[in-house]
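The values are calculated or read from the model by the stated rules, or taken from the named source; none is laboratory data. Just so it is clear, the model here is predicted, and its values are computed rather than measured. All Cβ positions, glycine included, derive from the backbone under ideal geometry; neighbour counts span all protein chains shown.
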Amino acid sequence: MTQPSDLIAYSLRIGVTGHRHFSDADGVRRAVENLLDQIDATLRSAPARHRDEDRVPHFSFQQVDQLLCAAAKFIWRTLPVNPRIVPLENQTPLEWTVISPLAKGADRIVVEAVLERSRAQLKVIAPFAKADYESDFTEPGDLEQFRELWNKASEKHELGADYGEVLPSDTEIERHRKQNLRNEGYFRVGRETVDACEFLIAIWNGQPAAGKGGTGDVVAYAIERGRTVFWIDSNNPIAAARMIVPKLSGDELNGPLPGTTTKPIPRSAKHLLGTFHQLAAYNRDPAHDANKIDAVYKRDAAYLRGEATKARLPDELLTQILDKMLPHYARADQLAIRYQELYVFVAVGLYSLAAVAVTIAVLQVLFFRHQLWLIGFEVLAMLAAVGLLRVSRSESWHEKWLHDRHLAEQLRMAMFTNLLEMNRQSCDLSPSLNALPFYHGPNSWVNAALRRIACDFQPPEVPQQHFAAIKRFVIDGWIDNQANWHASNAINKRRAAHYSHTAGLILFMTTLVAACLHWARVGHLAKEWTAPWIIGQSATALAIICPAWGAAVHAINALRERDRLAARSQQMASVLRSIAQRAEQTLSLEELRRQIDAARQVMATENLEWWISLSFRAPELPA
């Protein structure tokens, strides 16, 4: 089996906050079930292309993009364009995780509704120690229901200390102090719930919190943290659930909190949950080519077998790499190569078409003044540039290239580091939503997918007698291989940059000569279509056309960052060779792990830096 057969599932984390008592509890339950059904149906559409039903049905850029993608697919049959309908067998599996402190009312209604779904689990975050928390459940059957749900939880976390029950014998000051502590505990658990979830369901009357830590405070914190908040009006649960979002310029202030507004829930997966849409697109990507994936798999499998044979690595240590991880790597690598080709095609195409438009305009004005039909080719070149950019953005080719390449490089590292059992501690499938302080790294689905694939790999115990074989395999097959690749990449990038700079210099010198001829008024007074006239008009044309092509060459070189990547790869080759030398001197598995971990940190940092830098290099229309 050379291709991964299972779709990578998405773990959707839903938090809940809300009131404990409702006048229409059955209506609230139906509203929650309807909301979950709507979320489920919307996500099942990913990555299908269709008009967002929330929009007013008039001609829009979204419809233009659909027409452009259809036209591009008709012209270029192998172009990867997302389908309009996703077959059931291709839909990304959805795993539901509900996060709640299991308070009475809203919490338990949402928890029970989620747990009724397939592939669902419960994560409980209690505001106090469990024994202290249970003292809050005094109504008949309340405590029994809490304990029943508590026992169903796959994860349980207890926050804070035992603040003690509020007793009738307490003084007013003591009672007030304890109550404040408990309110702070409830607010803390609300914040923890928000931090751990992607979606927050708020079953709330829209009024300010009656005390610290109330629903209004938790919702405000969720908006501040950028979470998606679904609001079910507890006073009118029959009304459709809406999203609470920060008010933007031009929005009406109709939200329940200051500075917020509400809007309908999006009907497209891309707008509802972009990370799920991206994973769904990866799972059944239209650029997927089974033959190319097989070719990548066979190439890399032959390489790994050759390195394993040279290192005398036991077959059982290589088998799981070939069966469990290499198929996923081959897929990610093939997709990354395909989207990199499209990125280059778009980058070169945009600036080349702009230069072509300038060339046509100049030639028509200077040589073919009466052939106005030539202007149509200028317009066509400009429209082609716009269409190319719209299709590339609509289909997210640049974004897919970055994500797929990042995943492929992480899988390459995992194939070797897992041999040393260095990844078991990272098998938590609940990824953090925190990003770097200044830049956003790859979206959480990439890291979650990596953890699922890597944690499915369970290498056998590594005896000391295989130490030399593993060391030889990891150093030669991975570190030295990557060092050699970076050295070769530095040469190739430097050569390409040199050609680009040379082309720019030639265009500049041509412009200078043409400008001098134009300044000397060569051919200005000659009759049309005589040699002096043709020379003079050509000089004028070149003085305008060459800078346009020079700007295109410079923009393409800058967009592809050849100079910077050449310098980076040269430095990476030096660093990795130094680590390989230190790894050669290790005498135990533990020492080898330290050197391999250093190599992993260097490569992971370099890969993340590459991702961040290129994320700001999306193709744009020439100004």
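One line per residue, one yes/no per condition, for (1) closer than 30 Å to L576 by Cα; (2) not aromatic (F, W, Y):
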site	(1), (2)
A487	yes, yes
N492	yes, yes
W519	no, no
H524	no, yes
Q537	no, yes
Among (1) crowded, with 18+ Cβ neighbours inside 10 Å; (2) small (G, A, S); (3) at pLDDT 90 or above, the one test that A449 misses: (3)
Any chance H498 is exposed (fewer than 14 other Cβ atoms within 10 Å of the Cβ) and within 34 Å of the chain's Cα centre (by Cα): yes
Matching residues in region 218-240 - criterion: being among the β-branched types (V, I, T) and touching a residue at least 60 places away in the same chain (Cβ under 8 Å): V218, V219, I232, I238
Verdict on H271 being in contact (Cβ under 8 Å) with a residue 40 or more places away in the chain, in the same structural domain as L450 (by TED's automatic domain parsing) and within 30 Å of D40 (Cβ to Cβ): no
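A quick yes/no check of all residues on (1) within 26 Å of R13 (Cα to Cα); (2) crowded, with 20+ Cβ neighbours inside 10 Å; (3) at pLDDT 90 or above:
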{"position": "E144", "(1), (2), (3)": "yes, no, yes"}
{"position": "E165", "(1), (2), (3)": "no, no, no"}
{"position": "E172", "(1), (2), (3)": "no, no, no"}
{"position": "F187", "(1), (2), (3)": "yes, no, no"}
{"position": "G190", "(1), (2), (3)": "yes, yes, yes"}
{"position": "V194", "(1), (2), (3)": "yes, yes, yes"}
Lone qualifier among S574, S569, S613 - being among the hydroxyl-bearing types (S, T, Y) and at pLDDT below 90: S613
Given (1) farther than 20 Å from K493 by Cα; (2) surrounded by 20 or more Cβ atoms within 10 Å (Cβ to Cβ), index of the condition A555 fails: (1)
Helices (runs of 4 or more DSSP H) fully within region 243-359 counting 3 or more residues that are surrounded by fewer than 20 Cβ atoms within 10 Å (Cβ to Cβ): 290-311, 315-320
Helices (runs of 4 or more DSSP H) contained entirely in region 514-623, each with at least 2 residues that are touching a His at 6+ places or on another chain (Cβ under 7 Å) and over 30 Å from E409 (Cβ atoms): 531-560
Flag if R593 is on the phi < 0 side of the Ramachandran plot, surrounded by fewer than 19 Cβ atoms within 10 Å (Cβ to Cβ) and modelled with pLDDT under 95: yes
Hits in region 504-537 (condition: hydrophobic (A, V, I, L, M, F, W, C) and surrounded by 16 or more Cβ atoms within 10 Å (Cβ to Cβ)): L507, A514, A515, L517, V522, W533
Test: residue in region 407-426 that is under 30 Å from H466 (Cβ atoms), among the aromatic types (F, W, Y) and assigned to a helix (DSSP H, G or I): yes
Test: residue in region 536-553 that is within 22 Å of W611 (Cα to Cα) and among the small types (G, A, S): no
Test: residue in region 424-439 that is of a type outside the set (G, A, S) and either buried (at least 19 other Cβ atoms within 10 Å of the Cβ) or modelled with pLDDT of 95 or more (or both): no
Selection within region 558-576 - surrounded by fewer than 16 Cβ atoms within 10 Å (Cβ to Cβ) and either closer than 26 Å to L353 by Cβ or within 24 Å of the chain's Cα centre (by Cα) (or both): A558, R564
